[in-house]
1. Per-residue HN-Hα couplings for the stretch 375-388, Karplus 6.51 cos²θ - 1.76 cosθ + 1.60 at θ = phi - 60°, whole Hz, x for Gly and Pro?
2. Work out from phi, with θ = phi - 60° and the Karplus expression 6.51 cos²θ - 1.76 cosθ + 1.60, the ³J(HN,Hα) of each residue of the stretch 165-178, listed in order in whole Hz, and give x for Gly and Pro.
3. Provide the per-residue ³J(HN,Hα) series for the stretch 458-467, in order, calculated from phi with Karplus coefficients 6.51, -1.76, 1.60 and θ = phi - 60°, each as a whole number of Hz, with x at glycine and proline positions.
4. What Kirkwood hydrodynamic radius do you get for the stretch 163-255 when you take the inverse of the mean 1/r over all pairs of distinct Cα atoms, in Å?
5. Using a simple spin-label model with points 7 Å from Cα along the Cα→Cβ vector, what separation in nm is obtained for Leu443 and Val654?
6. Grab the other residues whose beta carbon is less than 13 angstrom from that of Gly201, score K and R as +1, D and E as -1, and report the net.
7. Within 14 Å, Cβ to Cβ, of Thr502, how many net charges do the neighbouring residues add up to if Lys/Arg are +1 and Asp/Glu are -1?
8. Give the lysines reachable from Lys242 as a straight Cα distance under 16 Å; neighbours fewer than 8 places away on the same chain don't count.
Amino acid sequence: MLTPRRLPLAIALLAASATTQAQQNDAAELAPLTVTGQAATKTETPFNETPQAISVVENEEWEERGAETVQRAADYTTGTFTNQIGASNRYDYLVLRGFSDGSVSNTFLDGLKVMGDAGSYSSMTIDPYFLERIEVVKGPASVLYGRASPGGLVGLSSKRPAFQRAGEVRLGIGNNAQRSAAFDLTGPIDDERRVAFRLTGLARAADTQFGPVEEKRYALAPQVSWDISDATSLTLHAYLQKDPEGGYHAGLPYEGSVVDRNGRRIDNTFFEGEDDHDDFERTQRMFGYEFEHRFNDSLTARQRLRYLNSDVDHQQAYATGWASETELSRGYLTAQEDLEAWVVDNQLQADVTTGSIDHRLLLGADYQQRTTLRSESFGGLAPIDAFDPEYGAEPVGVTPFYDAERDLEQTGIYVQDQMQIGNWHLALGGRYDWVDIHNVDTLQGTDERLDDTQFSGRAGILYAFDNGISPFVNYTTSFSPNSVSDENGNILKPTEGEQVETGLKYQPIGSDSHYTLALFDITQENIATRTNPSDPFRAVGETESRGIELEAHTHVTDNLSLKAGYSYTDATYEKSDVADEEGNNVVWAPKHIATLWGNYRFSQGALKGFDAGLGIRHHADIQANRSNTKSVPDYTLVDATLGYDLGGLGLEGVSARLNASNLLDKDYVASCLSETYCYFGAERSVQASVSYDF
């Protein structure tokens, strides 16, 4: 619960500015060819003026591909590995530039952190149907956001109320008993068009490829925007999501899944658990507001606030290795976790000119508080035959293992100056954080506290040539306090990272095509990691990731669009407490990822109204263990789509779409944490949907 001692600081920050972001309804008046890096700078900064690599995925793009999770929406994003846990959709795992430590805890919704940490079951997810865009910021972003992974962050932007009436109703079906229904309604409430609403809802369910395991979700997002005056606006919003069934989330031994065991291979639909003892139910709630006041053309104040709450009930049987020639040993865990959090961000933006230099100054103060209550027990189940399973075993020896409260408070102040001198664009930023972590475990009898302060900085420079070419270079640092303890009960030291990045951006004049080339070198110290669910965490000494990324969004013709990307990531354990790990490549980090997605829209002839898309995703050089003695075979996946606008048949606003992911039904292992836990990739998924826009 939010304790009284924390309330004064939260209230003080709320009152610190009369502030912030409301619905930007005049956004439609902006130049349509401008791609912005808002998550990278917290200001509206054009793509070719932002001295840092970013990737933007628009709503239309992932809906064209039929993506139903944020990680699937990012499938064609450079520097991003989206198959960390294979076919699992429980969390949005995104490994950025080889760093997996922030995969479920480095997501920000409308500029505010979506709570979740390593070792937590309460990491929240946002359904992409409720989003307008996704921005992946490459490299450290702590200077604006505080605790964050050095690999980057994922900035999600919600759909917001519009002052033009519009709506959509969508129905979908697919294999594995997929079924869904969704609606999205928006428009003005009053005649003066000062108040607008948006109501978005979704219900979705499906079986999975793993035995009796299911996925279910219900979500609703009501919002109201009020233009209080021409200079002041306020948006109230909520996001309510319940996942009664959280799908599959487990791994199997390397021998038997990646390679044969005694001439036999485990089927990629094998379920090692027990239907009566496999459950994941998550309920999450978010309430908040965005407020903005423009004092004049050059001075604007903003405030964003959100309250978050999440409840998780979980039980699971999992394989722990081979017990015999055909049988797998099994562990069993049960957990209950409650999370409650507040987060607020205050900003003051000033656009001023001093001599020949134009400044966009951003001053900010943010605060986040999170309390997690968690109880966990471990036991076992009888072994199961991986090739001829029989179910019905009951858990034995279930013993409470963990009963704790974990508290985290972070207060940060930051400043950023984006300067323009002719064609030169210089970005300087600095931030100072105060972090207080307090963990109490009544079962273990431990009471640990960590008080820490941290400075983060960023400096970047870019030259924007008149022909659309923009070379850039930047230096950024990051930190992320660990809220977990080692085997001695001591809270791990905060991880720290730094990046040097250089690259080239190109956006042809008068075109919405854009291209990026980036080279990076990132180092990080003190990464919290563990090999098994019941193991204590430990800190790997130092990890370094070096690589190159190429990304292109282009319209070859008015009808044909292409998105292509290639990532080379050499992520290694530079220092480790395990001797044979040093110098090895990290797991969960393919050295090569290449993607290509193309879509063609027919504008005339018998096929007018149709569009067709085809995509290829290739992953290569994936290590299966830290000693690099085993690897995951390279794999290539094919996706496809076919859409049709029925307006030409007199059904105005009606459209239909057919999507196929892993079209060729490739049977593959997506990645491994170790030789004990490897993860099957998703089998072929086929979906059909029909939408009515009005």
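Values in this text are rule-based calculations from the coordinates and carry no lab data. Keep in mind it's a predicted model, so treat the numbers as computed, not measured. No Cβ is skipped: glycine too gets one built from the backbone with ideal geometry, and neighbour counts run over all protein chains shown.
1. 10, 8, 10, 10, x, x, 9, 4, x, 10, 6, 6, 10, 8
2. 5, 7, x, 8, 10, 9, 10, x, 9, x, 5, 6, 6, 5
3. 8, 9, x, 9, 9, 10, 9, 5, 5, 8
4. Taking every pair of different Cα atoms in the stretch 163-255, averaging 1/r and inverting gives 16.0 Å.
5. Distance between the two pseudo-spin positions: 5.7 nm.
6. Local charge sum for Gly201: +3.
7. 0
8. Within the straight-line cut-off, Lys242 pairs with Lys216.
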